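To start, the structure itself, in C-alpha cells.
The values are calculated or read from the model by the stated rules, or taken from the named source; none is laboratory data. Given the structure is predicted, the values throughout are model-derived calculations rather than measurements. All Cβ positions, even for glycine, are placed from backbone atoms using ideal geometry, and neighbour counts span all protein chains on display.
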Amino acid sequence: MAFNNPTGFWLLLILPGFLAAGALFTLLHKRDRGRFAIPELYNTLTRSISITKRRIRWILYTLGMLFLFIAITEPRFGTKTEIVNRMGVEIVIALDTSYSMLAEDLKPNRIEQAKYAIFHIINNLKGDRVALLAFAGKSFIQCPLTTDYGIAKTMLEYIDAGIIPEPGTNLGEAINGSIRLLEKGSEAGSESQIIILFTDGEHLTGDMKKATREAASKGIRIFTVGLGTPSGEIIPIRNEKGEIEDYKKDRSGNVVVTALDEETLEEIAYNTNGTYVRITHGEINMQGIIDQLGIMHKTDIYERKISRLKERYQIPLGVSLFFFLAWLMTGERRSRYSDYRLRETT
C-alpha cells in the first residue's frame with residue numbers, strides 16, 4: 001500500500017481534539033443545566049431526547065470524518081497493468097577514440113572535451129533513446145539504444161583513446177556501424193533517427209562518402225562535432241603519472257601533427273541534412289544540436305507494460321459518505337415519544 005498524499009495523515013490529529021472538545025462540551029452542559037431548570041423539570045422537558053441516539057450520531061459523525069481524512073491521503077493498493085508508449089528520437093553518439101584525440105589543443109584533450117559535451121547532451125534528453133559507439137579503425141558498440149541515461153553516462157566514462165585494437169580513423173565504419181545499430185534495435189522511423197559524430201575529422205581509411213550516401217538514402221541525419229584546431233597539434237604520450245614521455249611519431253620517425261578537418265565534417269553534415277558544430281578553445285556549445293533534437297519528428301520508439309498501484313481513495317470516501325448519511329438520517333428523539341405524550345394527556 002502507498003499514499004499519493006501522505007501529508008493528509010496530519011489531519012487525523014484533528015480527531016483527538018475534536019473528541020476532547022465534545023467531551024468538554026458535555027461536561028459544561030451538565031454543569032450549566034442546573035441553572036436552566038431543576039432536575040425534575042429538566043428531565044420532563046428533555047424526555048423526548050434519546051441519549052443513546054445522540055451518542056450514536058456522535059460516533060457516526062466521527063467515523064465519517066475519520067474515513068474522509070483517510071480518503072484525502074489518496075491510498076493506493078492492488079496492481080494494474082498499463083501499456084506505455086514513449087514518443088521520442090533515437091540517437092547514436094559515435095565517438096572517435098583514435099590516438100589523435102589525445103591532442104591537447106583542447107584542454108585537457110580532445111576526447112575529454114568530447115565526453116564532457118556528450119554528458120551535456122544526455123543530460124538534456126527527455127524520453128529519447130541513446131546509444132554509444134566507439135570507433136577508430138573499427139567500430140564497437142559501447143552502449144545499445146536505451147532510455148536509461150545513467151547507464152549510458154556510466155558506459156561513456158569507460159571510453160578512452162586507444163580502446164579499439166585497430167588504430168586509425170575510419171569515418172565510413174563509424175557511420176555504417178551507427179546505421180547498423182539503429183536498424184538492429186530501432187522501433188522508430190528514420191525521420192526520428194540521427195547520428196552525432198564526435199571526431200577531429202581525420203579520415204585515414206574506409207569509404208566515408210559511400211557510408212554518407214547510405215545514411216542519406218535512409219533519411220538518417222548526421223550531426224558532426226569537430227574537435228581540435230585547423231592549424232593542428234602534436235600528440236603527447238604520457239606515462240602513468242601523467243608526465244609527457246614523448247610525442248606520437250609516424251613510421252619515418254617524424255612527429256605527427258593532427259589537424260581538424262572541417263571540410264570533411266561539413267560535407268557529411270550537409271549531405272545528410274545535418275548540422276556541423278565546432279568545439280574550440282575549450283568552449284562547448286551543444287545548444288544548437290539540443291534545439292534540433294527538440295524540434296525533430298518524434299515517433300513511438302517503444303512500448304512497455306508497467307504495473308501501477310490502483311487508486312483506492314474511492315473506498316474510504318464512500319464509507320465516509322455512508323456514515324455522514326447515517327448521521328443525517330438518525331434523529332435524537334425517542335421513537336415512541338408520541339405514545340408517552342398520549343398517555344400523559346389521558
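If I filter segment 243-255 for residues that are buried (at least 19 other Cβ atoms within 10 Å of the Cβ) and outside any helix (DSSP H, G or I), do I get at least one hit? Spell out how you get there, then give the answer.
Filtering segment 243-255 for residues buried (at least 19 other Cβ atoms within 10 Å of the Cβ) gives none.
So far as segment 243-255 goes, no, none of its residues is buried (at least 19 other Cβ atoms within 10 Å of the Cβ) and outside any helix (DSSP H, G or I).
Quick check, is Thr299 assigned by TED's automatic domain parsing to the domain that holds Phe119 and modelled with pLDDT under 85?
Spelling it out, Thr299 is indeed assigned by TED's automatic domain parsing to the domain that holds Phe119 and modelled with pLDDT under 85.
Mind listing whichever residues of segment 100-149 are polar (S, T, N, Q), in a loop (DSSP other than H, G, I, E, B) and in contact with a helix residue (DSSP H, G or I) (Cβ under 6 Å, 6 or more places away or on another chain)?
Within segment 100-149, the subset polar (S, T, N, Q) is 100, 109, 113, 123-124, 139, 142, 146-147.
This time we only want the ones that are in a loop (DSSP other than H, G, I, E, B), so: 109, 124, 147.
Across segment 100-149, the qualifying residues are Asn109, Asn124.
Any residue at all in segment 233-251 that's among the small types (Gly, Ala, Ser), in the same structural domain as Lys115 (by TED's automatic domain parsing) and either closer than 23 Å to Val130 by Cα or modelled with pLDDT of 85 or more (or both)? Before the answer, list the steps.
The initial filter retains those residues of segment 233-251 that are among the small types (Gly, Ala, Ser), namely 242.
Subset that is in the same structural domain as Lys115 (by TED's automatic domain parsing): 242.
If we keep only those that are either closer than 23 Å to Val130 by Cα or modelled with pLDDT of 85 or more (or both) too, we end up with none.
No, the conditions are met nowhere in segment 233-251.
Does segment 279-290 contain any residue that is touching a strand residue (DSSP E or B) at 6+ places or on another chain (Cβ under 9 Å), more than 30 Å from Ala103 (Cβ to Cβ) and at pLDDT below 70?
Looking only at segment 279-290, we keep the residues that are touching a strand residue (DSSP E or B) at 6+ places or on another chain (Cβ under 9 Å), and these are 279-280, 285-286, 288-289.
From the residues that got through so far, the ones that are more than 30 Å from Ala103 (Cβ to Cβ) too are none.
Checked segment 279-290: no residue is touching a strand residue (DSSP E or B) at 6+ places or on another chain (Cβ under 9 Å), more than 30 Å from Ala103 (Cβ to Cβ) and at pLDDT below 70.
For the condition assigned to a helix (DSSP H, G or I) and within 24 Å of Tyr276 (Cβ to Cβ), what is the one hit in Glu183, Glu191?
None of the others qualify; the one that does is Glu191.
Count, please, the residues in segment 106-161 that happen to be in contact with a Phe, Trp or Tyr (Cβ under 6 Å, 6 or more places away or on another chain) and more than 28 Å from Met87 (Cβ to Cβ).
3
So for segment 123-133 (the condition being under 30 Å from Val256 (Cα atoms), touching a strand residue (DSSP E or B) at 6+ places or on another chain (Cβ under 6 Å) and modelled with pLDDT of 95 or more), does at least one residue qualify? Step through it out loud before you land on a result.
Here is the first cut: in segment 123-133, the residues under 30 Å from Val256 (Cα atoms) are 132-133.
Right, trim to touching a strand residue (DSSP E or B) at 6+ places or on another chain (Cβ under 6 Å) and you get 132-133.
Narrowing the set further to residues that are modelled with pLDDT of 95 or more leaves 132-133.
Yes, segment 123-133 contains at least one residue that is under 30 Å from Val256 (Cα atoms), touching a strand residue (DSSP E or B) at 6+ places or on another chain (Cβ under 6 Å) and modelled with pLDDT of 95 or more.
Within the group Ile111, Ile93, Ile121, Ile70, which residue is among the aliphatic types (A, V, I, L, M) and not assigned by TED's automatic domain parsing to the domain that holds Ala136?
Numbers: Ile111 fails: not assigned by TED's automatic domain parsing to the domain that holds Ala136; Ile93 fails: not assigned by TED's automatic domain parsing to the domain that holds Ala136; Ile121 fails: not assigned by TED's automatic domain parsing to the domain that holds Ala136.
Answer to the selection: Ile70.
Please determine, by comparing only the residues of segment 63-81 that are among the polar types (S, T, N, Q) and surrounded by fewer than 17 Cβ atoms within 10 Å (Cβ to Cβ), which one is nearest to Leu328 (Cα to Cα). Reasoning before the result, please.
Our first condition is that a residue be among the polar types (S, T, N, Q); within segment 63-81, this holds for 73, 79, 81.
In the following step, the residues that additionally are surrounded by fewer than 17 Cβ atoms within 10 Å (Cβ to Cβ) were identified as 79, 81.
Details: Thr79: 36, Thr81: 40 Å.
Only one residue tops the list, namely Thr79.
Hey, Thr147 hits all of (1) among the β-branched types (Val, Ile, Thr); (2) under 33 Å from the mean Cα position of the chain (by Cα); (3) within 21 Å of Asp96 (Cβ to Cβ) but one; which does it fall short on?
Status for Thr147: all satisfied but (3).
For Thr264, which of the numbered conditions (1) at pLDDT 90 or above; (2) assigned to a strand (DSSP E or B); (3) closer than 21 Å to Pro167 by Cβ fails to hold?
In the conditions (1) at pLDDT 90 or above; (2) assigned to a strand (DSSP E or B); (3) closer than 21 Å to Pro167 by Cβ, Thr264 misses (2) alone.
Quick one: Ser178 ticks every box in (1) modelled with pLDDT under 90; (2) surrounded by 18 or more Cβ atoms within 10 Å (Cβ to Cβ) except a single one, so which number is it?
Among (1) modelled with pLDDT under 90; (2) surrounded by 18 or more Cβ atoms within 10 Å (Cβ to Cβ), the lone unmet condition for Ser178 is (1).
Can you tell me which residue within segment 302-325, out of those that are at pLDDT below 85 and hydrophobic (A, V, I, L, M, F, W, C), is farthest from the chain's Cα centre (by Cα)?
Of all residues in segment 302-325, those at pLDDT below 85 come to 302-310.
Narrowing the set further to residues that are hydrophobic (A, V, I, L, M, F, W, C) leaves 306, 309.
Working: Ile306: 15, Leu309: 19 Å.
The selected residue is Leu309.
Out of everything in segment 156-173 that is among the β-branched types (Val, Ile, Thr) and buried (at least 19 other Cβ atoms within 10 Å of the Cβ), what residue ends up being nearest to Asp96 (Cα to Cα)?
Initially, segment 156-173 is screened for residues among the β-branched types (Val, Ile, Thr), giving 159, 163-164, 169.
Those still in the list that are buried (at least 19 other Cβ atoms within 10 Å of the Cβ) too: 159, 164, 169.
Values: Ile159: 10, Ile164: 10, Thr169: 7 Å.
Taking the candidates together, the pick is Thr169.
Just checking, does segment 152-167 include any residue being within 21 Å of Pro236 (Cα to Cα) and among the small types (Gly, Ala, Ser)?
Looking through segment 152-167, at least one residue is within 21 Å of Pro236 (Cα to Cα) and among the small types (Gly, Ala, Ser).
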